[in-house]
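Okay, so here's the structure we're looking at.
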Amino acid sequence: MNQDKNELFIASRRSHLAIAQADYVSKRLSLLNKTYQFSIVTADTLGDLVQSKPLYQFEESTVWTKELEKLMADGKCSMAVHSLKDLPTKLPDGFMIGAILERLDPTDALVVKKGLNYKCLEDLPEKSIVGTSSIRRIAQLRRHFPKLLFQDIRGNITTRIKKLDDPTSLYVCLILASSGLLRLGLKDRIVKRFESSILMHAVGQGAIGVEVKSDDIVAQDLVKPLNHMQTFLSCLAERSLMSTLQGGCSVPIGVETRFNGNLLRIESIIVSLDGMQSVTSNMSMEVLKEEDAIKLGTLLANDLIKRGALEILKNIKEYGV
């Protein structure tokens, strides 16, 4: 790759959503800085290449990120753009989060097969098939809708929706991140957004993270103005919670964070795969800096542990997740 001294490259997955997010970051950077031109370099990650098994069966926490980090390590890219929920809580040595952009709607959404008029999961007939690749969604929704069948579905958002709308498919609906649908201009496919009392979102969901190398001061300075502090602190608390619970991307940890002034409230739920057992807790604290956010997430995790969260997580791991 021939790199002009004034051209910087942004690493991205090849999916439509990933490219849309990388393009958004590129445009924001171009508006803020006239010295450099920004171009996107795409790569397939392990999660993209292996579509035949459910996400929870991958042992690697870097299933969506490793190949993009290699582009940076090899000097081919200066930064990588991720859906923050796909970025492991512990990054490889030499890498760091340079910025977290303002969060879009973090909720999960119901998308119904074209031609059907269902407005919510309560309307579905018994044993209707609901498609999702997330055991977090499955575990939480089984608590409230035990008569529905939840089936794995892989592929990017547009691929999943095509599978849903195929008249020969058995899927009645999908559960997808609201933010992904909004970023792809698919707001019209959102039938319902779930309240946190039914389905808490994933750690980092709805936020875009920009990863840079720890020794690349130029890249760090470039992306720093993109950082949205309340989103950054909220997501840092969520990631601290997950890290303390030793949860990977596939572990069913649901969260909700909300700022009221400088007071950050975080709530979390851990649910067994069958939906029968759950532990929940919430905590609030004044959060002004990174250390405060990390402390809040750690405190909540320890409270969940006292309430039995580790036993549920242990059973999930023994099941093979």
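Per-structure values
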{"read-out": "Residue tally, condition farther than 23 Å from Glu102 by Cα, in contact with a Leu (Cβ under 8 Å, 6 or more places away or on another chain) and in a helix (DSSP H, G or I), over the range 147-188", "value": "4"}
{"read-out": "Top-ranked residue in the range 14-59 [being acidic (Asp, Glu) and surrounded by 15 or more Cβ atoms within 10 Å (Cβ to Cβ); ranked as modelled with the highest pLDDT]", "value": "Asp23"}
{"read-out": "Index of the failed condition, Glu311 passing every other in (1) surrounded by fewer than 17 Cβ atoms within 10 Å (Cβ to Cβ); (2) assigned to a loop (DSSP other than H, G, I, E, B)", "value": "(2)"}
{"read-out": "Residue count, the range 239-282 (criterion: touching a Gly at 6+ places or on another chain (Cβ under 6 Å) and at pLDDT 95 or above)", "value": "4"}
{"read-out": "Any hit, the range 300-310, residues being closer than 20 Å to Leu84 by Cα, modelled with pLDDT of 95 or more and within 16 Å of the chain's Cα centre (by Cα)", "value": "no"}
{"read-out": "Residue match in the range 143-153 (condition: under 30 Å from Val25 (Cα atoms), under 20 Å from the mean Cα position of the chain (by Cα) and among the charged types (D, E, K, R))", "value": "no"}
{"read-out": "Enumeration of residues in the range 182-197 that are surrounded by fewer than 15 Cβ atoms within 10 Å (Cβ to Cβ) and within 21 Å of Leu141 (Cβ to Cβ)", "value": "Arg193, Glu195, Ser197"}
{"read-out": "Filter pass, Ser214 being in the same structural domain as Asp23 (by TED's automatic domain parsing), modelled with pLDDT of 95 or more and either on the phi > 0 side of the Ramachandran plot or of a type in the set (Gly, Ala, Ser) (or both)", "value": "yes"}
{"read-out": "Qualifying residue in the range 64-75 (condition: crowded, with 19+ Cβ neighbours inside 10 Å, over 22 Å from the mean Cα position of the chain (by Cα) and either within 25 Å of Asp188 (Cβ to Cβ) or not assigned by TED's automatic domain parsing to the domain that holds Ile270 (or both))", "value": "no"}
{"read-out": "Any hit, the range 256-270, residues being aliphatic (A, V, I, L, M) and under 29 Å from Lys113 (Cβ atoms)", "value": "yes"}
{"read-out": "Number of positions in the range 300-314 that are under 18 Å from Gly204 (Cα atoms) and not small (Gly, Ala, Ser)", "value": "1"}
{"read-out": "Top-ranked residue in the range 203-222 [being aliphatic (A, V, I, L, M), crowded, with 24+ Cβ neighbours inside 10 Å and out of contact with any Ser or Thr (no Cβ under 6 Å at 6 or more places or on another chain); ranked as farthest from Ile10 (Cα to Cα)]", "value": "Val203"}
{"read-out": "Test: Arg137 is surrounded by 14 or more Cβ atoms within 10 Å (Cβ to Cβ), under 22 Å from Ala20 (Cα atoms) and not hydrophobic (A, V, I, L, M, F, W, C)", "value": "no"}
{"read-out": "Single residue of the range 268-294 satisfying the filter (farther than 27 Å from Glu311 by Cα and among the acidic types (Asp, Glu)) that is nearest to the chain's Cα centre (by Cα)", "value": "Glu290"}
{"read-out": "Yes/no for Lys289 being within 22 Å of Leu84 (Cα to Cα) and at pLDDT 95 or above", "value": "yes"}
{"read-out": "Test: residue in the range 95-118 that is buried (at least 19 other Cβ atoms within 10 Å of the Cβ), in a helix (DSSP H, G or I) and modelled with pLDDT of 95 or more", "value": "no"}
{"read-out": "Residue ID - farthest from Ser12 (Cα to Cα), chosen from residues in the range 76-94 that are modelled with pLDDT of 90 or more and either not assigned by TED's automatic domain parsing to the domain that holds Asp216 or not in a loop (DSSP other than H, G, I, E, B) (or both)", "value": "Lys85"}
{"read-out": "Test: residue in the range 231-238 that is over 30 Å from Phe38 (Cα atoms) and either of a type in the set (Lys, Arg) or more than 21 Å from the chain's Cα centre (by Cα) (or both)", "value": "no"}
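The values are calculated or read from the model by the stated rules, or taken from the named source; none is laboratory data. None of these values were measured; they are calculated from a predicted model. Reconstructed Cβ throughout: ideal geometry from the backbone, glycine too, with neighbour counts over all protein chains shown.
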